[in-house]
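Scroll down for the structure; my scribbles are underneath it.
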Amino acid sequence: MARRTTVGVIDVDVLAYTAGEDRVLDQALLEADCMGSAAHVTMLSRMRLDGNRQLLTAEEASQVVDELRGLWQEGQEGRFEITLDDQDVHLAIERRLTEKLGALGKRVHTCRSRNDQVAVDLRLWGRQKLAETQAALAATAKALLALGKKYRRVPMVGRTHMQPAMPSSVGLWASAWSEALVDDAELLETAARLNNRCPLGSAASYGVPLPIDRELTAKLLDFDGPVHNVLHANQSRGQLESIQLSALAQVMLTLSRLAQDLILLSMPEFGYFTLPVAFTTGSSIMPQKRNPDVCELMRAKAAKVLADAQLVAEIVRAAPSGYNRDLQETKAPYMEGFAITLASLRILPPMLAGLVVHEDKLREAFSPAVYATDRALELVAGGMPFRDAYDHVKAHLDELAARNPDEAITLKSHLGAPMGLDFDLMAAHVKAVESRARTALRRHIACRNKLLKIK
Ligand code: ARG
């Protein structure tokens with residue numbers, strides 16, 4: 001059975017197979033598509049053909065923009081519909097513009113293809129999501145720093161191979177995760193920089209034989225500039241998703257390892273921490289249970305984001321040059337990667353703020369063996385060669401005396417050690433990530449409002 005659609009007659013099964021999940025996923029791209037379309041028609045209206053002929057007057061462009069704002073508003077209210085015949089948001093918008101504006105609606109697609117249209121949509125959508133992720137990452141890094149600063153003088157056994165190793169502090173443990181996130185933020189920023197160039201005007205992948213102004217559309221959409229080569233502009237789709245998902249996967253790796261520590265160190269056998277009750281769940285049979293489900297799911301969700309990155313890389317791995325429909329299948333993992341990372345980053349600050357720290361348990365965990373290396377280094381300070389001191393302490397392990405863990409960490413005062421942590425410096429790094437994210441978000445929203453004339 002065949003159906004008539006905006007772009008011709010298509011067999012129903014083929015239509016369902018090829019449209020895939022786009023009807024649902026493309027809802028997220030409505031705003032970006034309205035922005036891209038507004039920039040495109042504005043550019044068309046300023047273009048002059050031979051004999052000073054215009055494809056679209058400024059008046060007409062403005063009419064289209066007004067309609068686009070209406071469609072955007074429908075989306076805000078959850079009323080915008082993408083039908084199966086539309087296939088995707090691009091054709092849904094074109095149908096609606098044509099229903100409303102007749103011949104004018106039919107001219108909107110001049111000099112563009114759904115290929116550069118979806119490419120610009122994804123870059124705009126990604127720009128916002130990257131900024132939101134950076135902001136959420138900064139909030140989590142901040143919460144970790146606050147925890148670390150509050151308990152910076154509380155001793156904690158440092159471990160290697162999960163075995164007790166050397167005196168450490170809660171401050172060192174918590175702020176280490178914060179610094180890891182700030183490193184991950186650099187990857188997100190690189191991804192954002194690569195993402196922030198405009199692919200519009202590449203059309204199907206090869207440009208158009210009319211004098212479009214690619215600098216103008218890039219400027220109207222507040223990109224850093226156009227992607228230069230139109231073929232690259234088109235096929236950077238997939239590459240960009242892959243880069244962004246790899247960065248998101250790094251964030252999730254950090255969160256997953258933090259979650260693992262939280263699960264372990266809040267077990268009764270350790271008892272260092274108690275997770276806030278609201279962030280644990282009970283059991284349907286065992287009345288006493290408070291389970292660390294949030295942390296467990298964070299581990300599992302990290303696996304999903306890693307798999308999303310892998311999936312996108314696999315899809316584009318053997319893609320020939322130019323647009324290929326395979327790219328459509330990268331949309332779901334791309335969007336899932338952001339959804340999971342954002343949700344994970346957003347649940348952490350309140351959980352960390354409510355974490356109960358049991359100072360008594362943390363101090364009780366210090367056995368004399370934890371001071372073995374400190375003892376050897378004391379002997380070194382007295383003039384003994386390190387290997388002799390090591391051998392001596394090793395031969396007399398049973399003679400190691402219990403010490404005061406608070407004093408033990410006081411001695412570790414060099415740069416970056418438990419008592420040499422520069423919380424102001426670490427906070428400044430987090431703040432820089434936060435302010436860049438806020439600026440990016442503010443600019444994105446301002447660009448949207450200006451293009452669509454939203455008050
Ligand atoms: N929904 C499509 C996608 O995500 C839009 C582009 C379709 N282009 C095409 N040549 N069929 O890739």
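The values are calculated or read from the model by the stated rules, or taken from the named source; none is laboratory data. Keep in mind that what you see is a predicted model, and the values were worked out from it rather than measured. Note that we place each Cβ from the backbone using ideal geometry, even for glycine, and neighbour counts take in every protein chain shown. These accessible areas exclude ligands, DNA and RNA; they are computed on the full protein's heavy atoms, side chains included. Shrake-Rupley method; radii C 1.70, N 1.55, O 1.52, S 1.80 Å.
Summary table below
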{"item": "Accessible-area order (highest first, 1.4 angstrom probe) of the listed residues PHE423, PHE386", "result": "PHE386, PHE423"}
{"item": "Summed side-chain charge close to GLY282 - residues other than GLY282 whose Cβ falls under 11 Å, Lys, Arg +1, Asp, Glu -1", "result": "+1"}
{"item": "Candidate residues ARG159, ARG96: accessible-area rank, largest first, probe 1.4 Å", "result": "ARG159, ARG96"}
{"item": "Set of lysines near LYS106 by C-alpha distance (under 26 Å), chain-local residues within fewer than 8 positions excluded", "result": "LYS219, LYS450, LYS453"}
{"item": "5 angstrom amide H check on MET156, placed H, neighbours 5+ away", "result": "SER168, SER169, VAL170"}
{"item": "Within straight-line cross-link reach of LYS289, lysines at Cα separation under 28 Å, skipping those fewer than 8 residues along the same chain", "result": "LYS301, LYS304, LYS361"}
{"item": "Net charge over other residues, Cβ less than 11 angstrom from the Cβ of PHE338 (K, R count +1; D, E count -1)", "result": "-3"}
{"item": "Segment 275-348 - percent relative contact order, Cα under 8 Å, separation 6 or more", "result": "24"}
{"item": "Proximal aspartates and glutamates relative to LYS455, as straight alpha-carbon distance under 16 Å, when same-chain residues fewer than 8 apart are discounted", "result": "GLU31, ASP66, GLU67, GLU74"}
{"item": "Segment 191-257, relative contact order [Cα under 8 Å, separation at least 6], %", "result": "38"}
{"item": "Lys/Arg +1, Asp/Glu -1 at C-beta; segment 68-163 dipole; positive extreme among TRP72, LEU122, VAL154", "result": "VAL154"}
{"item": "Heavy atoms of LYS150: accessible area, 1.4 Å probe, square angstrom to 10", "result": "150"}
{"item": "Listed residues HIS40, HIS396, HIS228 arranged by accessible area, highest first, probe 1.4 Å", "result": "HIS228, HIS396, HIS40"}
{"item": "Intensity falloff of segment 144-211 expressed as log10 I(q)/I(0), Debye formula with alpha-carbon point scatterers, at q = 0.20, 0.22, 0.23, 0.29 Å⁻¹", "result": "-0.87, -0.92, -0.95, -1.13"}
{"item": "For the chain, accessible area per residue (1.4 Å probe, heavy atoms of protein chains only), Å²", "result": "48"}
{"item": "Accessible carbon and sulfur surface of segment 3-96 relative to its total accessible area, %, 1.4 Å", "result": "45"}
{"item": "C-alpha center-to-center spacing [segment 360-422, segment 17-89] in angstrom", "result": "67"}
{"item": "With eigenvalues of the C-alpha gyration tensor scaled by 5 and rooted, the chain, Å", "result": "56, 23, 19"}
{"item": "Percent accessible area from carbon and sulfur atoms, segment 148-307, protein chains only, probe 1.4 Å", "result": "58"}
{"item": "Placed amide H near ASN291: partners under 5 Å, 5+ positions off or other chain", "result": "THR281, GLY282"}
{"item": "Expected 222 nm ellipticity per residue - DSSP helices of 4 or more, -39500 (n - 2.57), all of the chain, to 500", "result": "-20500 deg cm²/dmol"}
{"item": "Antiparallel bridges, percent of DSSP beta bridges restricted to the chain (to nearest 5)", "result": "95"}
{"item": "Solvent-accessible area of THR281 with every protein chain in place, 1.4 Å probe, in Å² to the nearest 10", "result": "50"}
